[in-house]
Each structure stands twice: as C-alpha cells, then as structure tokens.
Amino acid sequence: MDTGALGKVYQNGEVIVRQGEVGDCMFVIQEGEVEIIAEMEDCEVRLAVRKEGDFFGEMAIFERDVRMATVRALGEVRVLTVDKKNFLRRIHEDPSLAFRLVETMSSRIRELSEEVAQHKETREQIEEPDPCDDQIE
Amino acid sequence: MENQNLKLDDGSRIGVIGGGPAGSFFSIFVLDMARRMGIDLHLDIYEPRDYTSPGPKGCNMCGGIISETLVQNLATEGINLPPSVVQRGIDSYVMHMDVGSVRIDTPLQEKRIGAVHRGPGPRDVKEIKWASFDGHLQSLAIGRGANIVKERVSEIGRVDGKFQIKSRSGSPETYDLLAVATGINTGAMRLFENLDLPFEPPSTTKTFICEFFLGLDQIEQILGSSMHVFLLDLPRLEFAAIIPKGDYASVCMLGDEIDKELIESFMGSNEVKDRFPPQWNLKVFNCQCSPRIAMTSARQPFDDRIVFIGDIGVTRLYKDGIGAAYRVAKAAATTVIFQGLSGEDFKEHYWPTCRNIEIDNSIGKIIFMVTELIQKSKIARRAVLRMTAAEQKEDGPQMRMSTVLWDTFTGSAPYREIFLRTLHPVFLLRLFGNLARSLFG
C-alpha cells in the first residue's frame, strides 16, 4: 500500500531543515511528527512539535532570510515539499489559497502571545517576591 | 437591478450536477468559504456513480495522474492524498523513442506525482486495495456538509428565474445556483438544450485507456515508480504513456481520434513491448475505455445562476485535467461566495481563470506541433535524447531540456512557461549543438 506514499520519508532524528540555511520552500507533513528546535550556542531548545497535516518552513515563502530553526524527524516522518515559486504564482492567481496559511499563522501568533504572557508573569514573580514571604521570615 | 440581488445568503441552495473532481472541489471550496464568511448553505451533489464499485460503475475514465503542482496546491489547502488513495507515487519518468530511452528524475528525489484510479479499480479487480480518488474527494465534500443525491438528473427547468432539477425518483428541487460538472462523457448535454443558454459545449476527440494486470511485484520490477512516455513516429498519436499503479499498468493514448489501427500500431511497437514481460499479450486488456477529451473551450460556460466547471467548461489541453478542474472550481467558488451569481459576476471573476487556461492551451498547441516534428525526425529525436541524457549525467542545475520535457509530459507547469524556457539562448544553443552532432555524428 505504501507504493502510493507521496513526498519524502525521513528517519527518526534526521534533519529536514537546518537553522541558518537559505530556504526556498515550505513543507507539509503527510504522516508522522517533527520537532522544531532553536540551536543556541551550547544547547538546543525545542520550540514546537508539528504533526500530520501541519506545515513548517513557511517563513521562507515570504521572507528572504535564512531558516530560523532546525526541523528534525520525530520517528519516521513523510513530508511533501511546496515550492516557493509555484506557491507564490498560485497565490497571485488565487489569493484564497493563502487562507489556510494565514489561519495557521494567526493561531501560532495566538499561541506565542500566550507563551510570552506566561513567561512574563513567571519572570515578574521571580523578580518581585511576595512581601508576605519576608514577614514569615 | 435583479442581478444585484443574485447573492448567496443564509439558507441559499446550491445544486451540483456531477460528483467527479470538478463537482467535489467546487463543493469543498464553496462550503469552506461559506463557513469562513458565516453563511449557512444547503448543497446537493447529484452523482449516480458508486465509487465503491470497480469498473465503469465507479469510474470517470481518465489516465489518473495528479500533477506535482496539484499535489502541492492540495496539500496547502489541507487536502492530503493518503497512500490508501494514491496507488503509486511517481518520482521520475522515462522517455522512450526508437533511438533510445532516457530517465529523468524529479529534482528533489521526492515522489510528488500521484497515479490513481478514478474508481476503486478496473472491472476485473479481485481485491479492492485502494479507494477511489473521486470517492475520496466526494467524502471530503460530505465531511463539509454536502448531501449526495445518488440519482441521475432527468430534467432541468426554470421556476421564477431559479433552476429546478428533477431526478428519476426524487421530488423536484429548486436551487439558487446550479454548478454543472458533468464532464463530457455523459449524455447530460441534452438537459440544457431547451434552457436557452448562451453556452455551447467544447469540441472533443476520442482517446484510449486500457489496463493490464501485472501484479505489484512485476509493476515494481518492470516499471518502478516511473511514468513511461513514448515519442514514436506514429501519425495521429500526440502522446502515449504507461502509468504504473497498484497491481495494474494503465496505458493512455492521446491524439486525433485514436482508433483500433493506431492502438495496434502502438502496442505492436518494440518500445512498448519491451516495457512488458516477454511474450505478454498486449491485445487482451483487463479493462478499457475510449473517453472523449475536450480540444477547445466551451462558449460562455456561465449565465445567471449557472456555471459550468471542469471538462464541460474549460480544461487544459491533453494534460492535468484534474488540475484544471481544481483551478476553475476554485475560481467559481470564490466568485459565488464573494461576488455573486449573475452572468456578469461570472464574466468578471470566473471567466479570467478560464481564459488564462484557454490562452495557455493555444501555446500548448504550438508545443505539441513541435513535439510532432520531433516525433517525425530521427535527427531531432537523437538530439533530444542526447541533450537530456547529458543533463541527467551532469546533475547540475541547468537541466533545461529535462525540465521542458518533464513539465510538458506531466502537465506540471503552464504551457506558456514551458514555451518561454525553450526560447532561452542557452537552451537553443545546446539544442542546435546536439542537432548538429546528431546530423554529422
């Protein structure tokens, strides 16, 4: 049955996109999961996990910049490449093709905003200890 | 004044005649866009075919290639094609000529073209292992709220300016909008004869498609994941291909009124025989059909409250009919949701997409004329083979002939783009160089 599997298969841990590389396509996950990782100087931070039907690497479609994160296969994963040129040509002809992309990016902005708010709250709590704590001491 | 009121609103009713790719794509996109706009629609698809039945009962007769552009566009739309529907992912094609064969790989080493059966399989299929492509799209439309009426439409009339559909056993149903996606291989044309529409159907020609059961292992060994295309010096044959699918190989012949004589000449050629096991009987088919394909566009495929989509309206010449159905279905859906249902709305917002395909087809005709010249000239065939083979060995970015052939045979790029690539000085220089070597070498 797998003779009809479209896209390319990556094995667990295999790098699909490398941070810092120039990109000219985005990817749609056909099967499996990937992890998105920010590579820092001495460590790695997992930013997100994407699953079947999700896309990643979409910033390369709209920006002329290098990839901002590394994407690795989490288990066996099958992904389909979407060419920048083809995609932009189709959006020019049919702007509604970008609906789903915009919807997803909007939902990701919402998730990020929530995360930023949580981080800020945690940071404020660390920087300003509860005055009650001093009284107990 | 009346035209300004021709809009879809909460409770509006849409009738779609034909549940093939054009009808299903239109339904999917209309219902998706209506949801985004907060409009509650009622949509019925009239499709008598049963996509779980093998053979003609569940098949819409087509070569069954989903081009790489369409695969990508659908993935972006959130419509993934699972391995339970795609019988084989194609990652390369092999071009066969009397002067030799050459394999051309997809640049990313990725399976980006899908080979499908439109129904669940040929008439003699013993075990249904893959689902129907048309059935898959229909199920996506149902998932978005479309109702399937498993009836053949017997009559269409008008009531208060709206269209009314009568089916054999159902009661008459009136619709604010009628989308016609019957294709050109049904008797549906007679339904529109007395409606006084400006529409005229496209002119057509006969093709030939047949299936050979080889079994999964033999398909893998002999054909692999490549589409095999043939440039043979046979009059009236524009294009022929062997497409590997699950257990079957589909042979697809396109040209000018493909008849028995031409089929025998093609099947009898050494280039074709070599693609099958030794002593294989190429005169006995497991399933066959001679569907007609559109050679021109329909005249004015729209009017107030009615739009013709897919093959019955405008499609691409020879290639990527499903891709064309996707494009026009999307354009029609966008028009009815965001603009309106009048003939003027369709003319302004739907027709430009059809017109682009129509103009591109006229460039396609030039490309196929050149292909015909190559088919007739041995020197040209040698030059094309030599240039392509050299490019494939180089493995560099300048695969000019390879990409031209790839896009011509797979239908992955507009004909205009392919034509412009052939005018590039480097392409012409290399081609003339190879022509000279073929002539004197």
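Some notes on this structure:
- Considering the range A:1-21, and only residues there that are part of a loop (DSSP other than H, G, I, E, B) and within 8 Å of chain B (Cβ to nearest Cβ), the residue that is nearest to the chain's Cα centre (by Cα) turns out to be A:L6.
- In the condition set (1) within 15 Å of B:F308 (Cα to Cα); (2) touching a Phe, Trp or Tyr at 6+ places or on another chain (Cβ under 7 Å); (3) modelled with pLDDT under 95, B:I184 is compliant with all but (2).
- Taking the range B:90-105 as the range and being more than 10 Å from every other protein chain (Cβ to nearest Cβ) and part of a loop (DSSP other than H, G, I, E, B) as the test, the residues that pass are B:D98, B:V99.
Every residue, every condition in (1) surrounded by fewer than 18 Cβ atoms within 10 Å (Cβ to Cβ); (2) at pLDDT below 95; (3) not assigned by TED's automatic domain parsing to the domain that holds B:F302, yes or no:
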| position | (1), (2), (3) |
| --- | --- |
| B:S12 | no, no, no |
| B:I39 | yes, no, no |
| B:L43 | no, no, no |
| B:C62 | no, yes, yes |
| B:T69 | no, yes, yes |
| B:T76 | no, yes, yes |
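- Odd one out for B:R118, checked against (1) under 15 Å from the mean Cα position of the chain (by Cα); (2) surrounded by 24 or more Cβ atoms within 10 Å (Cβ to Cβ): (2)
- Residue in the range B:256-271 that is crowded, with 23+ Cβ neighbours inside 10 Å, of a type outside the set (G, A, S) and closer than 27 Å to B:V94 by Cα present: no
- If you go through the range B:404-441 and keep only what is at pLDDT below 90 and among the hydroxyl-bearing types (S, T, Y), you end up with B:T408, B:T410, B:S412.
- Selection count, the range A:18-32, where residues are crowded, with 21+ Cβ neighbours inside 10 Å and among the β-branched types (V, I, T): 2
- Selection count where residues are assigned to a helix (DSSP H, G or I) and either of a type in the set (F, W, Y) or in contact with a Pro (Cβ under 9 Å, 6 or more places away or on another chain) (or both), scope the range B:335-363: 9
- Any hit, the range B:236-245, residues being assigned to a loop (DSSP other than H, G, I, E, B) and without any contact (Cβ under 8 Å) to a residue 60 or more places away in the chain: yes
- The number of residues in the range B:78-89 that are within 9 Å of chain A (Cβ to nearest Cβ) and under 18 Å from the mean Cα position of the chain (by Cα) comes to 7.
- Qualifying residue in the range B:365-387 (condition: surrounded by 21 or more Cβ atoms within 10 Å (Cβ to Cβ), within 14 Å of another protein chain (Cβ to nearest Cβ) and not hydroxyl-bearing (S, T, Y)): no
- Only listed residue being surrounded by fewer than 15 Cβ atoms within 10 Å (Cβ to Cβ) and under 21 Å from A:G23 (Cβ atoms), chosen from A:L97, A:L112: A:L112
- Test: residue in the range B:54-75 that is within 14 Å of another protein chain (Cβ to nearest Cβ) and assigned to a loop (DSSP other than H, G, I, E, B): yes
- Tallying residues that are within 14 Å of another protein chain (Cβ to nearest Cβ), closer than 20 Å to B:L81 by Cα and in contact (Cβ under 8 Å) with a residue 12 or more places away in the chain within the range B:106-123 yields 12.
The values are calculated or read from the model by the stated rules, or taken from the named source; none is laboratory data. Just so it is clear, the structure is predicted and the values come from calculations on it, not from any experiment. Here the Cβ is made from the backbone with ideal geometry for all residues, glycine too, and neighbour counts use every protein chain on show.
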